[in-house]
Amino acid sequence: AYASGSHAEGYGTRANGSYSHAEGFLTTGSGEYSHAEGSGSVSHGIASHAGGIYTIASGSGQTAIGHYNLRNNNFSLFVIGDGTGSLDSERSDIVRVNPGATPGTGTVEITGSLIITNGAIGIRQKQYIAPKSNISSTTPNVIGQFSWVPTDYTGLTSITVRAIMSTDVS
């Protein structure tokens, strides 16, 4: 442990950042308030966490787990590495959670396949419709559309479609 309030335990661990923590085998906590654990993991970013085998948390507030994730990713909030070696060509990310420009607009990237067993996936989408000037009419207005292709749902026993509509009429 080399910095104020830092703590290192294990073999060859280094806690260089103030109030950082490194544990395991050859791990390094170099960012302030960071934590590195496992084998060869490094937490560079402020308040970052790296765990697993040779993972690197480069960004502030970032968590990197798994093994051999990509280098120099300082923008993702959460990373799961699935690489096989320390060379750049052997490093890979299977999952990345990235922030958006505004809260609630981030993305989840899955670079491999997503396999769902015994479950379902729910997809929610907000659709905003411009207000109409004539809301007193009794003529129905189409405000959205749902379409599906039956062959896309072969083998399913049911399909549920929910629509929520609210109005603010003053």
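The values are calculated or read from the model by the stated rules, or taken from the named source; none is laboratory data. This structure is a prediction, so every number in the text was calculated from the model and none was measured. Here the Cβ is made from the backbone with ideal geometry for all residues, glycine too, and neighbour counts use every protein chain on show. For accessibility, only protein heavy atoms count, side chains too; no ligands or nucleic acids. Shrake-Rupley method; radii C 1.70, N 1.55, O 1.52, S 1.80 Å.
From the set of residues in region 1-35 that are touching a Leu at 6+ places or on another chain (Cβ under 9 Å) and assigned to a strand (DSSP E or B), which is surrounded by the fewest Cβ atoms within 10 Å (Cβ to Cβ)? It would help to see each step written out before you state the result.
Looking only at region 1-35, we keep the residues that are touching a Leu at 6+ places or on another chain (Cβ under 9 Å), and these are 10-14.
Now restrict to residues that are assigned to a strand (DSSP E or B): 10-11, 14.
Values: GLY10: 14, TYR11: 9, ARG14: 19.
Ranking the qualifying residues of region 1-35, first place goes to TYR11.
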Practice task
Working only within region 36-57, note down all residues that are open to solvent by 10 Å² or more (accessible area, probe 1.4 Å) and farther than 17 Å from ARG91 by Cβ.
Solution key: GLU37, ILE46, ALA47, HIS49
Practice task
Collect the residues in region 58-95 that are in contact with a His (Cβ under 7 Å, 6 or more places away or on another chain) and of a type in the set (Gly, Ala, Ser), keeping them in residue-number order.
Solution key: SER58, GLY81, GLY83
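For the subset of region 84-102 comprising residues that are in a loop (DSSP other than H, G, I, E, B) and touching a residue at least 24 places away in the same chain (Cβ under 8 Å), which member is least open to solvent (accessible area, probe 1.4 Å)? I'd like the intermediate steps shown before the answer.
If we filter region 84-102 for residues that are in a loop (DSSP other than H, G, I, E, B), which is where we start, we get 84-87, 91-92, 99-102.
Going one step further and asking which of them are touching a residue at least 24 places away in the same chain (Cβ under 8 Å), we end up with 86, 92, 99.
Working: SER86: 59, SER92: 41, PRO99: 73 Å².
Among them, the one singled out is SER92.
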Practice task
Starting from residues that are among the hydrophobic types (A, V, I, L, M, F, W, C) and in a strand (DSSP E or B), keep the ones in region 63-83 and report whichever is surrounded by the most Cβ atoms within 10 Å (Cβ to Cβ).
Solution key: ALA64
Exercise for the section: Only residues in region 11-24 that are more than 16 Å from GLY45 (Cβ to Cβ) count as the first member; pair them with residues that are open to solvent by 60 Å² or more (accessible area, probe 1.4 Å) and part of a loop (DSSP other than H, G, I, E, B), Cβ under 6 angstrom, at least 6 apart or cross-chain, and list the lot. Expected result: GLY12/LEU26
Practice task
Mind counting the residues in region 44-83 that are in contact (Cβ under 8 Å) with a residue 24 or more places away in the chain and among the hydroxyl-bearing types (Ser, Thr, Tyr)?
Solution key: 4
Practice task
Take ASN98 and decide whether it is under 20 Å from GLU37 (Cα atoms) and either within 16 Å of the chain's Cα centre (by Cα) or not acidic (Asp, Glu) (or both).
Solution key: no
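Return yes or no: is SER60 over 19 Å from ILE110 (Cβ atoms) and either assigned to a helix (DSSP H, G or I) or more than 15 Å from the chain's Cα centre (by Cα) (or both)?
Numbers: over 19 Å from ILE110 (Cβ atoms): yes; either assigned to a helix (DSSP H, G or I) or more than 15 Å from the chain's Cα centre (by Cα) (or both): no.
Here the answer is no, as SER60 does not meet what is asked.
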